[in-house]
Amino acid sequence: MRILLIGPEWDTGQWTEYCAAGLTAGGHELATVRYGRDLARPVGLWGRLRRRLSGPHRFHLGRVIEAMRRDNLRVLDAARRHRPDLTVVLKGEVLMPETIERLRDLTSGPVVQWCGDDPSWFPHIMAAAHLYTRFFLAEPSYAADLERHGVGAEFLTHAADPDTWGPTTDEPEHPPEWDVVFIGDSRHNMGHLPSTRLRVDLVEAAARSGLRVGVWGRGWEKLGADSPARRQHQGLTLLPAAAVARTYRGAKIALNAHHAQMREGVNMRTFEIPASGAFQLCDAKARLGELLEIGQEVAVYAGVEDLVEVLHRYAADDGARARIAEAGRRRVQRDHTYQVRMAQLVARSHGQPSA
């Protein structure tokens with residue numbers, strides 16, 4: 001099948017690349033367009049001059065609009081050249097409704113959306129939602145918002161790429177450097193995202209536990225000097241994914257604390273931690289038990305009060321951690337790879353039940 005994949009260019013993630021690899025592994029003929037690439041490029045000499053003459057705000061707004069215009073044109077050009085049987089849009093917040101409508105004319109089969117965020121944050125996604133043949137959500141609770149706009153949405157959870165996250169055969173074994181690691185942004189003060197300190201409260205509780213705790217990500221450096229999470233902050237980023245995976249494996253416990261937008265579903269980290277072969281301690285989510293067996297393939301905690309006790313219990317139980325980590329790794333390799341998830345997306349896009 002000829003498939004056009006449209007996805008974001010991210011500095012901290014490879015969602016588009018993972019999905020592309022999953023579709024290629026499924027035997028499909030793939031063309032990929034990554035939007036946002038222009039904004040990822042550094043501003044050149046002429047751009048810096050324009051920014052100085054026009055002012056930073058006017059310059060940035062013009063740059064964003066121009067990048068969006070080029071992204072929409074690139075998408076349509078790729079569709080005209082590839083003539084896909086299926087078009088898959090990953091989020092696609094820069095795509096105008098008129099572009100989605102034109103993609104329907106250029107695609108001989110379905111045009112589908114897989115949104116990893118709250119779609120209501122993005123006006124273009126909401127305006128075009130009714131134009132998609134299928135609308136998939138990584139967080140199922142947002143289906144109610146879309147239903148009020150006459151759009152039916154389906155739950156399709158995240159996945160992991162074992163080739164990226166798994167250990168290499170020649171990787172040496174070392175005693176754990178950390179008892180607990182958390183790798184992710186603080187998320188409590190990042191623009192349009194919901195303002196909540198829950199993730200900060202959880203990581204700070206871990207940092208006060210007396211265990212060896214390491215924290216990576218943006219936002220922690222902006223906390224007050226008395227914040228235990230800030231004192232345990234090791235760096236703004238930890239990339240590429242292989243380095244993150246090694247850090248997970250170098251700790252007794254890889255902590256998962258979801259962002260507020262994940263109300264019932266789970267994030268990519270939920271599958272990436274076990275794919276790396278590490279032990280995961282995850283905040284309990286309503287749909288988690290459908291995806292991993294709680295207590296056997298993933299361990300959970302219930303809020304800030306419960307976290308420290310659970311951390312100490314598992315930090316002291318090498319056998320339980322090893323069993324859960326191995327069982328979680330096998331489950332992800334069987335049910336939660338991108339090859340599996342893309343096969344499910346393709347089948348459901350055509351109204352067929354997924355395996």
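The values are calculated or read from the model by the stated rules, or taken from the named source; none is laboratory data. Everything numeric in this text was worked out from a predicted model, so none of it was measured. All Cβ positions, glycine included, derive from the backbone under ideal geometry; neighbour counts span all protein chains shown.
Looking at the range 124-235, the strands (runs of 3 or more DSSP E) lying wholly inside it that each contain 1 or more residues that are touching a strand residue (DSSP E or B) at 6+ places or on another chain (Cβ under 9 Å) and farther than 25 Å from residue 246 by Cα sit at 134-137. When residue 284 is tested against (1) farther than 23 Å from residue 171 by Cβ; (2) crowded, with 24+ Cβ neighbours inside 10 Å, exactly one condition is not met: (2). Can you spot a residue in the range 97-112 that is among the small types (Gly, Ala, Ser), surrounded by 22 or more Cβ atoms within 10 Å (Cβ to Cβ) and assigned by TED's automatic domain parsing to the domain that holds residue 23? Among the residues of the range 97-112, not one is among the small types (Gly, Ala, Ser), surrounded by 22 or more Cβ atoms within 10 Å (Cβ to Cβ) and assigned by TED's automatic domain parsing to the domain that holds residue 23, which makes the answer no. Among residues that are part of a helix (DSSP H, G or I) and touching a Phe, Trp or Tyr at 6+ places or on another chain (Cβ under 6 Å), residue 51 is included. Selection of the range 281-310 for residues being assigned to a strand (DSSP E or B) and under 16 Å from residue 159 (Cα atoms) yields 282, 298. Looking across the range 130-145, the residues that are surrounded by 22 or more Cβ atoms within 10 Å (Cβ to Cβ) and either over 20 Å from residue 285 (Cα atoms) or of a type in the set (Asp, Glu) (or both) come down to 132, 135, 139. Filtering 242, 254 for residues that are of a type in the set (A, V, I, L, M, F, W, C), assigned by TED's automatic domain parsing to the domain that holds residue 174, buried (at least 24 other Cβ atoms within 10 Å of the Cβ) and farther than 20 Å from residue 188 by Cβ leaves a single hit, 254. For the range 54-95, the set of residues classified as over 26 Å from residue 118 (Cα atoms), part of a helix (DSSP H, G or I) and small (Gly, Ala, Ser) consists of 54, 78, 79, listed by residue number. Would you confirm whether or not the range 311-327 contains a residue that is out of contact with any strand residue (DSSP E or B) (no Cβ under 9 Å at 6 or more places or on another chain), under 21 Å from residue 184 (Cα atoms) and either at pLDDT 95 or above or in the same structural domain as residue 19 (by TED's automatic domain parsing) (or both)? No, every residue in the range 311-327 fails to be out of contact with any strand residue (DSSP E or B) (no Cβ under 9 Å at 6 or more places or on another chain), under 21 Å from residue 184 (Cα atoms) and either at pLDDT 95 or above or in the same structural domain as residue 19 (by TED's automatic domain parsing) (or both). The conditions of being outside any strand (DSSP E or B), under 19 Å from residue 18 (Cβ atoms) and not β-branched (Val, Ile, Thr) are met by residue 245.
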